[in-house]
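S.K.: Attaching a single structure in structure tokens format; questions to follow.
The values are calculated or read from the model by the stated rules, or taken from the named source; none is laboratory data. Note that this is a predicted model, so its numbers are computed, not measured. Here the Cβ is made from the backbone with ideal geometry for all residues, glycine too, and neighbour counts use every protein chain on show.
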């Protein structure tokens with residue numbers, strides 16, 4: 001199962017808006033741990049795919065200033 005599939009499954013498990021804060025916090029923690037382990041292993045890309053980014057991530061910023069034009 002891909003990480004994005006796991007995040008989607010987690011989101012779909014808690015359909016109540018009352019749970020959103022807890023779910024976003026949990027997703028932030030899980031993704032932070034995954035990113036930290038990837039960095040530790042030298043496998044982090046620093047890239048966030050826009051279609052799967054969450055509200056607390058910055059996918060455009062992960063593309064690098066040279067790749068962003070306004």
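Conditions (1) at pLDDT below 80; (2) more than 13 Å from the chain's Cα centre (by Cα); (3) surrounded by 11 or more Cβ atoms within 10 Å (Cβ to Cβ), marked per residue:
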residue: 5; (1), (2), (3): yes, no, no
residue: 11; (1), (2), (3): yes, no, yes
residue: 17; (1), (2), (3): yes, yes, no
residue: 28; (1), (2), (3): no, no, yes
residue: 32; (1), (2), (3): no, no, yes
residue: 40; (1), (2), (3): no, yes, no
residue: 48; (1), (2), (3): no, no, yes
residue: 51; (1), (2), (3): no, no, no
residue: 68; (1), (2), (3): no, yes, no
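S.K.: Considering segment 53-66 alone, what residues qualify as being surrounded by fewer than 10 Cβ atoms within 10 Å (Cβ to Cβ) and in a helix (DSSP H, G or I)?
M.R.: 65, 66
S.K.: Another question about this same structure. Restricting the first residue to segment 20-37 and requiring it to be under 14 Å from residue 55 (Cβ atoms), which pairs with a second residue that is at pLDDT below 85 and part of a helix (DSSP H, G or I) meet a Cβ separation below 8 Å and a spacing of at least six or different chains?
M.R.: 23/10; 23/11; 26/10; 27/7; 27/10; 27/11; 31/3; 31/7
S.K.: Restricting to segment 39-52, count the residues that are under 19 Å from residue 25 (Cα atoms) and in a helix (DSSP H, G or I).
M.R.: Total satisfying the criteria: 1.
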